[in-house]
Amino acid sequence: MIYIEKGQSNNICLTLTESTSITDPVFLFKFVWETAESVDPIYWIGTDTSAYTYRYNFFTLTEGTDVTFRIGQYRYEVYESETGSTPTDETGLTRIEEGRMIVNGTGTTIYD
C-alpha cells in the first residue's frame, strides 16, 4: 500500500524490477480515485532513484507539485515502458504492479 500526505514530499518504495521484462524501464503510474471512478485517472512517470533496484525501487512524489490528489482512497497500477519514451497513458504497455493508495491531509475533501 502507498500512503501519500497532501502538500508534502512522499517516498514510495515498491518491488517492481522483479516483474519487469524490460531492462531499465520507464515506470508509468496510474491512479484512479475510488470515490468517483468516472473522474479521469492521474498519470505520473516515476523516476527510480534506488541504488539497489534488484531489491526495491524508490520514488519520491511531491504532492501538489508532481501531481495533485483529492483526499481519499485510490487504486494504483504501474506499467513498464521502453527507456527514452514518455508514455501519457497505459495503451500498449504491460502492467507490472497494482495495489491501493491512501491520500491524507487537509485541503480538497472527498466531497469536492
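The values are calculated or read from the model by the stated rules, or taken from the named source; none is laboratory data. It should be emphasised that the depicted structure is a prediction, and the values quoted were computed from it without experimental measurement. Cβ sites come from the backbone with ideal geometry, for glycine too, and all protein chains shown count toward neighbours.
Results, tabulated for the structure shown:
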{"item": "Check on I42, surrounded by 13 or more Cβ atoms within 10 Å (Cβ to Cβ), within 22 Å of I22 (Cβ to Cβ) and modelled with pLDDT of 95 or more", "result": "no"}
{"item": "Residue within the range 71-88 that is in contact (Cβ under 8 Å) with a residue 24 or more places away in the chain, under 11 Å from the mean Cα position of the chain (by Cα) and exposed (fewer than 13 other Cβ atoms within 10 Å of the Cβ) present", "result": "no"}
{"item": "Tabulated pairs, the range 54-69, first at positive phi, second of a type in the set (D, E, K, R) and surrounded by 12 or more Cβ atoms within 10 Å (Cβ to Cβ), C-beta under 8 angstrom, 6+ apart or interchain", "result": "G64/K6"}
{"item": "Count of residues meeting criterion [more than 17 Å from N104 (Cβ to Cβ) and touching a residue at least 40 places away in the same chain (Cβ under 8 Å)] in the range 25-40", "result": "7"}
{"item": "Positions within the range 56-87 being out of contact with any Asp or Glu (no Cβ under 8 Å at 6 or more places or on another chain) and under 20 Å from N10 (Cβ atoms), in sequence order", "result": "Y56, T60, L61, T62, G64, T65, D66, V67, T68, I71"}
{"item": "Test: residue in the range 28-36 that is acidic (D, E) and under 13 Å from I2 (Cβ atoms)", "result": "no"}
{"item": "Test: residue in the range 13-23 that is part of a strand (DSSP E or B) and buried (at least 17 other Cβ atoms within 10 Å of the Cβ)", "result": "yes"}
{"item": "Lone unmet requirement of (1) at pLDDT 95 or above; (2) exposed (fewer than 13 other Cβ atoms within 10 Å of the Cβ); (3) not in a strand (DSSP E or B) for D48", "result": "(2)"}
{"item": "Set R95, R55: member being of a type outside the set (S, T, Y) and part of a loop (DSSP other than H, G, I, E, B)", "result": "R55"}
